[in-house]
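One structure is given here, and the rest of the page talks about it.
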């Protein structure tokens, strides 16, 4: 079946009003219509009518989307351009085969063992840049892969992945919520401190925290490349892992993983695999962002987040913002004694990471990110705080390139300052 | 198809990276908000006035049609390359050249996005009032070429009222300046007024001098609900008759309210048949008085609810009702014709009644909302193109709506322009002599008919 058939109805909704031109970060960077959501939808419509082919030009246009959902949020006709681009990329992948890079992505994210051997860093993070080590340090490693530019660097991986550090079930107080923690690759391999903060906070509230060992990558890197077979495989494994325990909530501390479970699993995987839909929906309904859940469960940041004076600014991850989670993290952060929040201009603008977008369009991704860094620096804050380890990686890169020493932190790290 | 030597010449003028010929690029410049599609042969992105001048000289010498284009958000097909040719995209000319606080004016390039300009002048306590619905993405060049309006036109007027001067490249490639930096100026014909709203048929605007105002001290938003459409319509002229000119007077009829309510559950009173969104701005004390006076004079007209926003957040909540109209409309039918007739504001009740009759006669849902304060009603004829015969019926209904507006002393388009979509109806409004006069101007400026040809005037 032609993947575009999945979005046939959605494609008709676009009336080409052009409203997306105001919100699409890809259009802001390129300033050419094929990069705007409207352009990509128009091309998908013509693909459907078969008056253009899946050639290099179509491929190029469809690659210019961060799947950030900004256009979807603001579209007066509610056109789901993210879903349409995923379908178009799926069609391209089916007709032309996956790119070398996306083949590698698929191979790695399907295989936790491979990931544990550091292939995660090599195949995913390597190309996605990372400059955690200062330029002056000789520790910067270059990574010799065909799709990795000469200047890209391997991130510092955690010595021990988060999932290997804790037992599967950490019992809490009776009568308190049972929470399944969907950790996500970035937290598991790189920002383990985010995982530790989440654990500390929910244990502080007396919750039972369950960290299923057999959970996998959420699959969004695969979805971003149109590799829906891999995404389905991962979704099924994750379903099994997450359903194993009776949980009140499935908690994510990564906006992207949360977006996958909450939105893209039913929307994209479910549509293509109706037999899984009921289970995907059940998982989606239980999925909540950590900050959202902490507030809901009545966390007092005055107790847990107190610490030294720290001026911060907050960046809205796209996959939290588009789910309406913008107020909760700010309220919690402002409740932490010592923390002083100054809003940056365009806090709601995409940082430019866009899953695997920046592998193909590294320069553009940098350009988008440079605007973000500028806004952060203008606030004079000591730290930029956000709710997505993907954004953290991108923001770190941008700030390092700007020569700034601004810290990049996760909301949960601040909220758990007193618990360490 | 253009010969490759032409493409090469264009590349030589603007740089190879600013010329696009791939099918995918052309398709992305084939449409605007009308949903019509015409493929240009080439898309050119010039970077300055001189490049535009050289492109037009080349095109004029070779008789190649040129179609100026901003954001491509127009509602009339005015920027579409019907018949093929060069799509001339002006979005690279996107600088605000200066904001002159002493003379209250600004000079900008045509590719600046309207809202971007507004925000920049507002930082200095200044105000550029024209606010077409597309202001977040439309360009000032497009606004000038189409003479865009917006809700605030009731009090402040339309784009035309803010254009003091222009730099324009004529179809033959010469560069001229019109108007200037003074409010007064009577030397020669007023070419500025001629060019504003000329839909890119007489020249390509490359610089614009805008008049600015001081930013009003405060504003007040009111959502008023009436038990009859007539009451709401009469409220408009009653308010103005009482010497209050609100910033905006937005109107929504019962069909519109039902659409929005079905989706977003507005919780309007059951008696609600029409809503007026009213905003006043200016001196803080004055607007308090105005709001009270408005309440007093519209009360006897079947007012069932009067909500006043206390702060910016509440004002935004009231505006939300108006903003939700567009996304809700398509629940009625998947396709729509969005017309924007204008009548003298005292005739708003009459035109609404006429439209109701037309709706009954053709049995097509018609949803009306818009800028009642200046008599500009957005008449949305909701159809399903998949239903055989419906499109034809809609065309007949549209012609009748236009006739109704004209009978009442109005015009068939207040904001969107003629372009391609209103072309067939032009003879309803303009006499043969009027058309001939306009064509004579067109011919004098564009002897080879290369600039946005095939638009505005009747075909054949």
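The values are calculated or read from the model by the stated rules, or taken from the named source; none is laboratory data. Nothing here was measured: the structure is a model prediction, and the numbers come from that model. For neighbour counting, all protein chains shown are included, and Cβ atoms are generated from backbone atoms with ideal geometry for every residue, glycine included.
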Qualifying residue in the stretch B:69-83 (condition: free of Cβ contacts under 8 Å to residues at least 12 places away in the same chain, outside the structural domain of residue B:202 (by TED's automatic domain parsing) and surrounded by fewer than 18 Cβ atoms within 10 Å (Cβ to Cβ)): no
Subset of the stretch B:14-26 that is assigned to a helix (DSSP H, G or I) and in contact with a strand residue (DSSP E or B) (Cβ under 8 Å, 6 or more places away or on another chain) - its residue that is nearest to the other protein chains (Cβ to nearest Cβ): B:25
Residues of the stretch B:42-66 classified as in contact (Cβ under 8 Å) with a residue 60 or more places away in the chain and within 14 Å of chain A (Cβ to nearest Cβ), total: 0
Odd one out for residue B:183 among (1) surrounded by 23 or more Cβ atoms within 10 Å (Cβ to Cβ); (2) not in a strand (DSSP E or B): (1)
Condition check for residue B:406: within 21 Å of the chain's Cα centre (by Cα) and free of Cβ contacts under 8 Å to residues at least 12 places away in the same chain: no
Index of the failed condition, residue B:285 passing every other in (1) in a helix (DSSP H, G or I); (2) farther than 17 Å from residue B:231 by Cα; (3) without any contact (Cβ under 8 Å) to a residue 60 or more places away in the chain; (4) in contact with a helix residue (DSSP H, G or I) (Cβ under 9 Å, 6 or more places away or on another chain): (4)
The stretch B:186-213: number of residues that are surrounded by 14 or more Cβ atoms within 10 Å (Cβ to Cβ) and outside any helix (DSSP H, G or I): 17
Residues satisfying the stated conditions in the stretch B:265-282, i.e. outside any strand (DSSP E or B) and in contact (Cβ under 8 Å) with a residue 24 or more places away in the chain: B:266, B:268, B:269, B:271, B:272, B:273
Residue match in the stretch A:46-63 (condition: more than 13 Å from chain B (Cβ to nearest Cβ), in contact (Cβ under 8 Å) with a residue 40 or more places away in the chain and within 30 Å of residue B:116 (Cβ to Cβ)): no
Helices (runs of 4 or more DSSP H) contained in the stretch B:295-383 and holding at least 2 residues within 14 Å of chain A (Cβ to nearest Cβ) and under 22 Å from the mean Cα position of the chain (by Cα): B:312-323, B:325-329
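Here is a yes/no grid of residues against (1) within 30 Å of residue A:96 (Cα to Cα); (2) at pLDDT 95 or above; (3) within 21 Å of the chain's Cα centre (by Cα); (4) assigned to a loop (DSSP other than H, G, I, E, B):
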{"site": "A:221", "(1), (2), (3), (4)": "yes, no, yes, no"}
{"site": "A:226", "(1), (2), (3), (4)": "yes, no, yes, yes"}
{"site": "A:231", "(1), (2), (3), (4)": "yes, no, yes, no"}
{"site": "A:245", "(1), (2), (3), (4)": "no, no, no, yes"}
{"site": "A:267", "(1), (2), (3), (4)": "yes, no, yes, no"}
{"site": "A:280", "(1), (2), (3), (4)": "yes, yes, yes, no"}
{"site": "A:283", "(1), (2), (3), (4)": "no, yes, yes, no"}
{"site": "A:294", "(1), (2), (3), (4)": "no, yes, yes, no"}
Residue check, residue B:117 part of a helix (DSSP H, G or I), within 14 Å of chain A (Cβ to nearest Cβ), surrounded by 21 or more Cβ atoms within 10 Å (Cβ to Cβ) and more than 11 Å from the chain's Cα centre (by Cα): yes
Any chance residue A:42 is within 14 Å of chain B (Cβ to nearest Cβ), without any contact (Cβ under 8 Å) to a residue 40 or more places away in the chain and either in contact with a strand residue (DSSP E or B) (Cβ under 7 Å, 6 or more places away or on another chain) or within 30 Å of residue B:320 (Cβ to Cβ) (or both): yes
Test: residue in the stretch B:28-35 that is over 24 Å from residue B:108 (Cα atoms), over 24 Å from the mean Cα position of the chain (by Cα) and either more than 10 Å from chain A (Cβ to nearest Cβ) or not in a helix (DSSP H, G or I) (or both): no
Residue, modelled with the lowest pLDDT, within the stretch A:1-34, restricted to residues that are part of a helix (DSSP H, G or I) and at the interface with another protein chain (Cβ under 9 Å from one of its Cβ atoms): A:12
